[in-house]
Every structure is written in C-alpha cells, then in structure tokens.
1. Please tell me which of these pairs span more than 25 angstrom C-alpha to C-alpha: Lys6/Lys27; Lys47/Lys72; Lys5/Lys72; Lys5/Lys27; Lys6/Lys44?
2. Using packing as a proxy for protection, rank 12-21, 55-64 so that the peptide with the highest average count of other Cβ atoms within 10 Å comes first.
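Taken together, the values in this text are just the output of simple stated rules run on the coordinates, not laboratory data. Remember, predicted model here, so these are calculated numbers, not experimental data. Virtual Cβ from ideal backbone geometry, glycine too; neighbours counted across all protein chains shown.
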Amino acid sequence: MENEKKQPKLTLRAGGVRAIVWENTNKENEVFNTIALERSYKDKDDKWQTTNTYRINDLPKLIAVLQEAFSKLVVTETKPEENNKLSKKDHETLN
C-alpha cells in the first residue's frame, strides 16, 4: 500500500493553468491541504512541459483556480439554522 502513488484530492484547471490540491497528515494525525500551481506549455520540440512561472495573462486564471479551490475546501454549505454558528476551525480560518 505504501508504494501506491498518492492521488490529488482535487485538480482545478483554467486554460493551461492548474491548481492541484494534496491532502496531508501531520505527526498529530491532523489533516491539512497543500496546493501546487503549475502552467502547461509546449516546448520548441512540441512536447508538453510544466512550469511554476507565469505570464501576466496567466494571473486571472491563477486567481480563478485559487478562488475555486478555496471555495471547495473552506466554504461549506450550512443549514439556515446554522448560519450564525461558527466552529473553532471557522474562527481560526477567518483570523
């Protein structure tokens, strides 16, 4: 089981830009997420490559995938009667 390749929790794409969300666990068995950003492009030999450097026109796409990741990971649906209740984790996220 340890040799199995870990799969991303979530992958979001906007054009050639994508955000890859990984779920991790620390020493105390607390789960947390990390996000990797990358841009795909074709090199001079017409082969697909990835990079973590971005052009100016990639910025709106980066913003879009990061906002969507935040929405999917942090923004949660609540029942109307729960709207005014915040958990300890919610308070930590907001502060």
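1. From the list (Lys6/Lys27; Lys47/Lys72; Lys5/Lys72; Lys5/Lys27; Lys6/Lys44), the Cα-Cα distance tops 25 Å for Lys47/Lys72; Lys6/Lys44.
2. The peptides rank, most packed first, as 12-21, 55-64.
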